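**Student:** Before anything else, here's the structure in question.
The values are calculated or read from the model by the stated rules, or taken from the named source; none is laboratory data. Computed from a predicted structure; not experimentally measured. Glycine gets a Cβ as well: all are built from the backbone with ideal geometry, and neighbour counts include every protein chain shown.
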Amino acid sequence: MPVVTVTGRLNSGAREIAQAVAAELKLDYLDREILAEAASQLGVSESDVAQRDEAARSFGDRVASVLRTLMERSAIVGAADPISGGELDVLLARTYGEAAHLPSDAPAGQLDDEHYLSTLKSVIEEVAARDNVVILGRGAQVILQHDPGAVHVYVTLAREARIASLVEREGMPAQDAERRIKQSDHNRQEFHRHYFKVEMENPCLYDLMLHAGRIAPELAVQLIAQAVRARAPRPG
C-alpha cells in the first residue's frame, strides 16, 4: 500500500496538497504537529489505549503506539542512549531551525544531532513500514529514498507569492512576512544539508516536482494520486 512524502518550503502549498492527497487516497496524514502530539500521549498506558475499539482509534493513537514500540525496543537492545517518552515529546516537536542547530557533541544527558537523526529515522521508517500514509517534511524523502513503493513529491512556489499569501493569511506586514520566509528557507536548507548532506531541491530525490503557482491544487492532487496508483505495490 502507498507511502507518499511531500516536501516544500513554508507557504508553498505543500501542506495543503499533502492533506488533500491523503483525503483523496484515503491515507493517514503525518506532520511534525501530529508526531509531537502522539509523543505527548505516551503518558497514557498501553492498556488504556488497547481498551478502545480498534476501528475508532485515531491515527495519533497508532503513531503513539509506534513510538511506544520504539522506546521498548531501544530499552531491550540496551542502546547507549535509550529513548524516553519525555525526550520524544521534545525531540519530535523541534522545528527545522532548532534541529539544524543541535550540537554534534553534546554533554551526557543532552540531545545531540546524531541521537536526533537516529530517532527521527527510526520513527519515519516505522511509520512508513505500516503503509497508507502521507508524510509531510522531516526529511522523509531522504530517509525513504530507497523504498521502492514510496512516491516522493516536491511542491514549489515563487517567493513573492509565498510572501503575499502569508501577508493575506496572517495579516502581517510584508517586511515581516519576507523576513519569516527567508529565515524558514534557510532553516529547512540547513536541516537537509546538516543531517542528510543533500540539497532540498535536488530533483533526484523526487518522483514529481510541482509548481503550485502554475498548476491548480486540484490538478496537483490528481497527478500525485495517479503516480501513486501507477506505482507497483511495495514488496512483502
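**Student:** Can Y206 be described as touching a residue at least 12 places away in the same chain (Cβ under 8 Å), surrounded by 13 or more Cβ atoms within 10 Å (Cβ to Cβ), of a type in the set (S, T, Y) and in contact with a strand residue (DSSP E or B) (Cβ under 8 Å, 6 or more places away or on another chain)?
**Tutor:** yes
**Student:** Looking at region 156-169, can you tell me whether even one residue there is in the same structural domain as I17 (by TED's automatic domain parsing), free of Cβ contacts under 8 Å to residues at least 60 places away in the same chain and in contact with a Gly (Cβ under 9 Å, 6 or more places away or on another chain)?
**Tutor:** Yes - at least one qualifying residue is present in region 156-169.
**Student:** Identify, from the list H186, H192, the residue that is in a helix (DSSP H, G or I), under 20 Å from the mean Cα position of the chain (by Cα) and surrounded by fewer than 14 Cβ atoms within 10 Å (Cβ to Cβ).
**Tutor:** Going through H186, H192 in turn, the sole match is H186.
**Student:** Select from region 160-178 the residues that are surrounded by fewer than 11 Cβ atoms within 10 Å (Cβ to Cβ) and in a helix (DSSP H, G or I) and list them in ascending order.
**Tutor:** E168, R169, Q175 - these are the residues of region 160-178 that are surrounded by fewer than 11 Cβ atoms within 10 Å (Cβ to Cβ) and in a helix (DSSP H, G or I).
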